[in-house]
Amino acid sequence: MKIQTQQLIPTLIKNIAPLYLVSGDDFLLVQEACDTIRKHTAAAGYGEREIFYIESGFNWEKFLSSANNSSIFGDRVLIELHLKSKLNDSGSKTLQNYAKKPSPDKILLIITNKLDAAQQKMAWFKAIDTHGIILPIWPIEPAQLPLWIANRLKQAGFKTSQQGIQLLADHISGNLLAAIQEIEKLRLLYGSGDLTSDQIRAAITDNSRFNVFNLIDAAMSNNMATVNRILDNLKNENIEPTIILWAITHELRSLINISFTLKQGINVDQAMTQNNIWYSRKQLVKRTLSQYDLTRLQNLLKYASNIELIIKGADNQHLLWHELKKIYLSFADNKTISLLSSPY
């Protein structure tokens with residue numbers, strides 16, 4: 001059965017289906033729909049996840065072995081199939097047969113890009129349509145964008161005018177990931193509550209005003225001159241040091257989590273997907289991981305915790321900005337391994 005996005009949560013509340021197919025080309029909307037399914041299935045007792053990435057040459061026996069293997073402990077599992085290429089005959093027949101007789105203690109979630117008309121006529125797709133739930137994800141149309149932004153602001157705890165919403169809509173030009181970034185920046189700058197148009201305009205209109213998102217990307221791109229310039233601008237604009245430190249600690253934790261995942265034998269693309277790295281940032285993250293080992297990332301995160309103590313307890317702003325610049329430049333420097341000493 002095909003449903004629309006707004007029907008997903010009511011459908012999940014009413015009954016958990018054995019099969020879900022989520023398809024679409026907007027990474028953010030697809031990811032959020034899948035997260036909703038993961039959340040509700042986990043609450044229903046499907047606490048374990050098994051993930052398969054279906055590429056050319058995939059051995060479908062691996063999927064069948066997992067799908068048909070009943071746990072002696074009674075564990076219920078959400079199996080995810082990420083389709084990276086069109087299904088071959090083996091894959092099509094496997095999914096068609098499984099859809100007709102799914103495992104009673106497994107839920108299958110298939111995630112794929114937008115499927116064309118020919119793919120939707122295939123037997124495996126029709127079998128899932130008959131026995132499960134199909135959720136096609138459509139892009140947000142320009143006329144729908146202000147309402148979408150209004151809902152996101154409300155979720156972030158903001159109240160604002162229609163003018164403020166339109167300012168954001170005009171600024172992001174349909175890029176939903178950019179909208180999420182801007183709302184996160186507004187949350188960091190203003191917390192929550194009433195948000196004026198002037199506050200929104202001050203945060204988004206002047207692209208020459210470097211912000212923390214530019215800063216972390218410059219550091220990961222090893223652009224030390226830009227890091228210096230951005231930090232100087234942020235200091236002159238009286239940006240809260242807490243926000244600047246948050247940006248690097250958030251990124252370091254993400255990189256460390258991915259590094260641990262890689263040590264488990266999972267390839268880098270799968271590791272980034274599991275750690276919710278946006279598609280638009282995957283190349284930058286992959287490049288950073290190839291340059292910095294786990295020890296260096298952990299040392300940087302440890303140093304960041306020392307800077308946090310300065311923010312909480314010291315009033316020496318000169319020392320604080322010196323240390324912020326030191327950690328960002330150490331992160332940006334891929335030529336030498338910087339073993340940072342304590343700032344005390």
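The values are calculated or read from the model by the stated rules, or taken from the named source; none is laboratory data. From a predicted model like this one, the values you see are computed outputs, not experimental measurements. Virtual Cβ from ideal backbone geometry, glycine too; neighbours counted across all protein chains shown.
When the residues of the range 7-47 are filtered to those that are in a helix (DSSP H, G or I) and small (G, A, S), the one that is surrounded by the fewest Cβ atoms within 10 Å (Cβ to Cβ) is A43.
Looking at I248, is it closer than 23 Å to R187 by Cα, out of contact with any Gly (no Cβ under 6 Å at 6 or more places or on another chain), in contact (Cβ under 8 Å) with a residue 60 or more places away in the chain and among the aliphatic types (A, V, I, L, M)? Here the answer is yes, as I248 does meet what is asked. The residues of the range 230-248 that are assigned to a helix (DSSP H, G or I) and either surrounded by fewer than 17 Cβ atoms within 10 Å (Cβ to Cβ) or in the same structural domain as K185 (by TED's automatic domain parsing) (or both), listed by number, are D232, N233, K235, N236, T242, I243, W246. For the range 229-285, which positions are among the β-branched types (V, I, T), touching a Leu at 6+ places or on another chain (Cβ under 7 Å) and within 16 Å of T295 (Cα to Cα)? T249, I256, I258, listed by residue number. Quick check, is G91 part of a loop (DSSP other than H, G, I, E, B) and of a type in the set (G, A, S)? Taking the combined requirement at face value, the residue does not satisfy it. I256 meets the conditions (1) under 13 Å from L188 (Cβ atoms); (2) among the aliphatic types (A, V, I, L, M); (3) touching a residue at least 40 places away in the same chain (Cβ under 8 Å) in every case but one. The failed one is (1).
Yes/no matrix, rows are residues, columns are (1) in a helix (DSSP H, G or I); (2) outside the structural domain of I244 (by TED's automatic domain parsing):
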| position | (1), (2) |
| --- | --- |
| K154 | yes, yes |
| K159 | no, yes |
| L167 | yes, yes |
| A178 | yes, yes |
| E182 | yes, yes |
| L186 | yes, yes |
| L189 | yes, yes |
| Q199 | yes, yes |
| N228 | yes, no |
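Of the residues making up the range 120-145, those that are surrounded by fewer than 16 Cβ atoms within 10 Å (Cβ to Cβ) and part of a helix (DSSP H, G or I) are Q120, A123, K126, T130, P142, A143, Q144.
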